[in-house]
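Below is one structure, written out as structure tokens; comments come after it.
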Amino acid sequence: MDFPSGAARRCSTRCCLVASALAASVSSRAWAQAPAPEPSAIRVTPQNARVSNYLRDLAAPTTLVSVIGGSVLSDLRNDDDVYMGRELAARASQAAIEVSVRHGLAAVMQHSTDYQPCDCRGFGNKVQHALLETFTDRRPDGSRAPAVPHIAGAYAGRFARLAWERDGSGAQDVLVGTTLSFGLTAVFNIARELTGVGR
């Protein structure tokens with residue numbers, strides 16, 4: 001069901017506010033629970049590692065290419081003089097909300113945010129592992145759980161971007177587009193496993 005444009009923007013703005021509040025709350029909790037560093041050196045704790053992973057994903061080359069490259073390509077197809085700035089802001093807010101929600105929820109739920117390559121052999125085993133890494137996360141005990149942080153982050157980021165768009169996109173477009181993006185992520189992870197890139 002499509003929402004009217006104004007309602008969709010209000011809905012996505014609320015999503016942005018909720019996601020930002022969640023990310024801020026989780027970050028402050030993680031820092032509050034982190035032990036004080038020794039005077040001589042900073043020890044890497046799980047909290048430090050989570051913050052480091054969050055900043056790494058926020059400024060990852062793939063994120064920057066997606067934000068800047070996607071904005072330039074979209075601008076080339078549009079004659080509006082202010083389109084580039086709006087598109088850049090939309091993509092940047094989408095990336096920031098997506099990464100923040102994902103890492104925030106992962107910290108609360110004690111899920112790993114890292115892709116862990118498989119040491120297995122054989123085409124079928126590698127494909128199976130890539131799909132498993134796409135849709136599940138690891139817990140501290142090594143068990144797996146549905147990748148709720150990743151899924152929630154992807155949808156929150158796309159709804160945040162909806163607030164910037166003027167093409168009449170609605171909630172249904174967001175749901176379909178984001179769901180399809182998980183298929184692309186799965187294909188990327190399969191390629192990563194088969195080629196050994198990123199190990």
Taking the residues in the stretch 115-136 that are out of contact with any helix residue (DSSP H, G or I) (no Cβ under 7 Å at 6 or more places or on another chain) and of a type in the set (D, E, K, R) as candidates, determine which candidate is modelled with the lowest pLDDT. Asp119
For the stretch 161-184, the count of residues that are under 19 Å from Thr113 (Cβ atoms) and either crowded, with 17+ Cβ neighbours inside 10 Å or charged (D, E, K, R) (or both) equals 1
Can you tell me how many residues in the stretch 137-186 are within 12 Å of Met109 (Cβ to Cβ) and not in a helix (DSSP H, G or I)? 7
Which condition does Thr134 not pass, out of (1) touching an Asp or Glu at 6+ places or on another chain (Cβ under 8 Å); (2) part of a helix (DSSP H, G or I); (3) within 26 Å of Leu194 (Cβ to Cβ), if it passes all the others? (1)
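The values are calculated or read from the model by the stated rules, or taken from the named source; none is laboratory data. Because the structure is predicted, anything quoted here is derived from the model rather than measured. So basically every Cβ, Gly included, is an ideal-geometry build from the backbone, and we count neighbours across all protein chains shown.
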